[in-house]
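Encoded as structure tokens, the structure appears first; notes follow it.
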Amino acid sequence: MPSHLDPVPVPVPAPAPAPGVGASEATAFPPAPGAGAGAGTGTGNKRHPHVQLRALDTLWFQVAGTICNIECTHCFISCSPRNHSHEMMSLADVQRSLDDARGLGVREYYFTGGEPFMNRDMLAILEATLKQGPATVLTNGMLLRPDVCRRLRELFDASEYSLDIRVSLDGFDAESHDAIRGKGVWDRVMIGLRNLADAGVNPVITVTTAAEGVASEEGRARFLDVIRGFGFDRPRLKVLSLFRIGAEENRTRAYEEWERLNAESLSDEEASVLQCSSCRMVTSKGVYVCPILIEEPEARMGATLGETLRPFQLRYGACHTCWVDGVTCRT
Amino acid sequence: MRLAFLGGIYSNYHALAAALDDITRRNVDATYFLGDLGAFGPHPDRVPELLIVRGIPGIQGNYEESLSTRADDCHCGYTDPRDNHYAQISYDYTFANTRDAYKDWMATLPREIRFTAGGLRFLLVHGSPRTINEFLWRSTSPDVFLEKLCNDYDADVIVCTHTGLHWHKSLSEGRHVLNAGVLGRPANDGRANVWYTLVDVNERIVDVTFVPVHYDHALLANEMRAENLPEQFVETILTGWWTTCLEILPSKERTAGRW
């Protein structure tokens, strides 16, 4: 599914920089251009702040590339059955990064696409991942057959680490959901959710703010009732921000020039609460700074994880959304 | 050498008194508290009173940091509005009922304590070595991540709390990370007792014992009701199942609970 991230009202206080990562890498890489008082390289004449990688806690995989069985009107990377911008990743591809991740002390793993369950290796990839850490899969819920759900439950039971399945909805009902995701999608997702419930897997339902009013207290309460109605007596809900890139540019609007971070209003230290201070995204084309910017060539930071531990300049409109909304990957 | 660690106390002074009595009987060489003295329970001044009278050293949790700086919330680190709703009720009650002298005393507590025992370097923190409110759950703390924390923060044994659930992992090169659990509320296992942690350490060998603490939880529940604390909090004390602040739980820990 197209991954969106959760808005949290108040960013948590900036933690102390972890010794090791910042310190050792600072000597390995020259200071990024524009750091401190230098000139920025970004949009217009603003100087954009830089974010250090404090520690590589969170590793994302674009495991299904940009290939999806549906074509959502808000998808920030315009995934579709025909979009091969990023290709599927094999178990061997993922395993290479998992091996690198051990040496870097990675804490958790996320899988997105496209639609991860279109990837034939997905269950094997989860099995391999859960041997070394917790995993979360972001899915549109359409391919959750009974046998897949039973296997997910087995993997959950067999691992000492947590496995979370996030299922995307975009409205309170079929009409609003399908307006974004396509005709008949809601009904398919309902079958998938029932299969999860039958297998004893309690998913996190994610909903974007495209769903009218969901970010309000009343909207959340209403959505929790909807999830209870699916048969989950412990409803789990995560509300996600929209990014004005990809298909979403056409559905609403693109970022405007002023929607950028600049070093006068956001110090490098303040930027350290952003997710990109602790995550990287592996795709078939290399390693990117975060799950959002994989269509930005300059957000590709290297071929391997080890090449991507340097600071990143926050010059994109999506960076503005992450800061303003306090986006976090966590459930 | 035998050490005792008291995780979050959450104003449960009855459990604290019971734990301290138990510690007295067990020939413990040193006892430390790990922060979050207030929250959840009634009469928040009684926990600092007990700790100060008994001369027990310890560190700040996010509660002590917030109370001593007169912050307007607990900075617990929750992300779900339901968790934050109940956390705010706890914090507002605790803030209103903690005297200024104790808030000032909390400002004097260190953020971490380091010492060497049995040839091993111990590091006591509230959440994690890097952040006071980071949650170290067992199911989301892989060995390689914990080993990196030990490396980065020059420790052989890291002792933390903050999550409310106790666990211990033996790591490579004889290192350990343990979450001491909490005295403040039960461990979401359907039992009313709470927990503290004993560590025997000799010649670099570490032996961890999680000690169940039985106390008059019905009395605590009555006092919470008399203070008009939420009935959901009382239910947790009486049943041993968490009813609030549980959206933060990873799926493994969530599945093990009732709600």
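The values are calculated or read from the model by the stated rules, or taken from the named source; none is laboratory data. Bear in mind that the values here come from a model prediction, so they are computed numbers and not experimental data. Virtual Cβ from ideal backbone geometry, glycine too; neighbours counted across all protein chains shown. Note: accessible area is taken over every heavy atom of the protein model, side chains too, but ligands, DNA and RNA are not part of it. Shrake-Rupley method; radii C 1.70, N 1.55, O 1.52, S 1.80 Å.
Which one of these does B:S141 not meet: (1) among the hydroxyl-bearing types (S, T, Y); (2) over 19 Å from B:S251 (Cβ atoms); (3) open to solvent by less than 10 Å² (accessible area, probe 1.4 Å)?
Condition not satisfied by B:S141: (2).
Is it fair to say B:A226 is away from chain A (no Cβ under 14 Å), modelled with pLDDT of 95 or more and open to solvent by 10 Å² or more (accessible area, probe 1.4 Å)?
yes
Looking only at the stretch A:151-166, decide whether some residue is away from chain B (no Cβ under 14 Å) and under 23 Å from the mean Cα position of the chain (by Cα).
No, the stretch A:151-166 contains no residue that is away from chain B (no Cβ under 14 Å) and under 23 Å from the mean Cα position of the chain (by Cα).
Please verify whether A:D57 is modelled with pLDDT of 95 or more and crowded, with 16+ Cβ neighbours inside 10 Å, treating the condition exactly as stated.
Taking the combined requirement at face value, the residue satisfies it.
Of the residues in the stretch A:84-105, how many are more than 14 Å from every other protein chain (Cβ to nearest Cβ) and in a helix (DSSP H, G or I)?
The total comes to 6.
Taking B:A71 as meeting all but one of (1) open to solvent by 30 Å² or more (accessible area, probe 1.4 Å); (2) over 18 Å from the mean Cα position of the chain (by Cα); (3) over 22 Å from B:Y13 (Cα atoms), write down the number of the exception.
All conditions pass for B:A71, except number (1).
Among the listed residues A:T283, A:T252, A:T331, A:T321, which satisfies the condition of being among the hydroxyl-bearing types (S, T, Y), closer than 26 Å to A:I67 by Cβ and within 13 Å of chain B (Cβ to nearest Cβ)?
Selected residue: A:T331, the only one of A:T283, A:T252, A:T331, A:T321 that is among the hydroxyl-bearing types (S, T, Y), closer than 26 Å to A:I67 by Cβ and within 13 Å of chain B (Cβ to nearest Cβ).
In the set A:R244, A:R315, A:R300, which member is touching a residue at least 60 places away in the same chain (Cβ under 8 Å), within 17 Å of the chain's Cα centre (by Cα) and open to solvent by 30 Å² or more (accessible area, probe 1.4 Å)?
Of the residues listed, the single one that is touching a residue at least 60 places away in the same chain (Cβ under 8 Å), within 17 Å of the chain's Cα centre (by Cα) and open to solvent by 30 Å² or more (accessible area, probe 1.4 Å) is A:R244.
Looking at the stretch B:144-167, which of its residues are crowded, with 21+ Cβ neighbours inside 10 Å, of a type outside the set (F, W, Y) and within 7 Å of chain A (Cβ to nearest Cβ)?
B:K148
Under 6 Å between Cβ atoms, at least 6 apart or on separate chains: pull out the pairs that start in the stretch A:216-235 with a residue that is away from every other protein chain (no Cβ under 13 Å) and end on any residue that is among the hydrophobic types (A, V, I, L, M, F, W, C).
A:V226/A:F172; A:F230/A:L193; A:G231/A:A197
Take the stretch B:234-246 and flag every residue that is outside any loop (DSSP other than H, G, I, E, B) and open to solvent by 10 Å² or more (accessible area, probe 1.4 Å).
B:E235, B:L238, B:T239
Pairs only if they're at least six apart or on different chains, beta carbon under 6 angstrom, first in the stretch B:73-86 and more than 9 Å from every other protein chain (Cβ to nearest Cβ) and closer than 12 Å to A:T331 by Cα, second surrounded by 18 or more Cβ atoms within 10 Å (Cβ to Cβ) and at pLDDT below 90; list them, first residue then second.
Note: no pairs meet the criteria.
Out of all the residues in the stretch A:12-22, is one or more within 14 Å of chain B (Cβ to nearest Cβ), touching a His at 6+ places or on another chain (Cβ under 8 Å), at pLDDT below 50 and surrounded by fewer than 22 Cβ atoms within 10 Å (Cβ to Cβ)?
There is at least one residue in the stretch A:12-22 that is within 14 Å of chain B (Cβ to nearest Cβ), touching a His at 6+ places or on another chain (Cβ under 8 Å), at pLDDT below 50 and surrounded by fewer than 22 Cβ atoms within 10 Å (Cβ to Cβ).
Tell me the residue from A:S272, A:S277, A:S265 that is within 22 Å of A:L138 (Cβ to Cβ) and out of contact with any Cys (no Cβ under 7 Å at 6 or more places or on another chain), please.
Of the residues listed, the single one that is within 22 Å of A:L138 (Cβ to Cβ) and out of contact with any Cys (no Cβ under 7 Å at 6 or more places or on another chain) is A:S277.
When you scan the stretch B:172-188, do you find a residue that is open to solvent by 10 Å² or more (accessible area, probe 1.4 Å), among the small types (G, A, S) and under 17 Å from the mean Cα position of the chain (by Cα), even just one?
Among the residues of the stretch B:172-188, at least one is open to solvent by 10 Å² or more (accessible area, probe 1.4 Å), among the small types (G, A, S) and under 17 Å from the mean Cα position of the chain (by Cα), which makes the answer yes.
For B:R70, work out the one condition from (1) part of a loop (DSSP other than H, G, I, E, B); (2) at negative phi it doesn't fulfil.
Unmet for B:R70, out of (1) part of a loop (DSSP other than H, G, I, E, B); (2) at negative phi: (2).
So, in the stretch A:74-87, exactly how many residues are touching a residue at least 40 places away in the same chain (Cβ under 8 Å) and either open to solvent by 60 Å² or more (accessible area, probe 1.4 Å) or at positive phi (or both)?
Result for the stretch A:74-87: 2.
Run B:W242 past the list (1) of a type outside the set (V, I, T); (2) more than 14 Å from chain A (Cβ to nearest Cβ); (3) closer than 16 Å to B:S90 by Cβ and report the number of the one that doesn't hold.
So the condition that B:W242 fails would be (2).
Quick one: B:L249 ticks every box in (1) within 14 Å of another protein chain (Cβ to nearest Cβ); (2) part of a loop (DSSP other than H, G, I, E, B); (3) over 19 Å from the mean Cα position of the chain (by Cα) bar one, so which box is it?
Exception for B:L249: condition (3).
Can you name the residue in the stretch B:198-223 that is farther than 30 Å from A:L163 by Cβ and either within 14 Å of chain A (Cβ to nearest Cβ) or free of Cβ contacts under 8 Å to residues at least 60 places away in the same chain (or both) and is also farthest from the chain's Cα centre (by Cα) among such residues?
Among those residues, the one meeting the criterion is B:N222.
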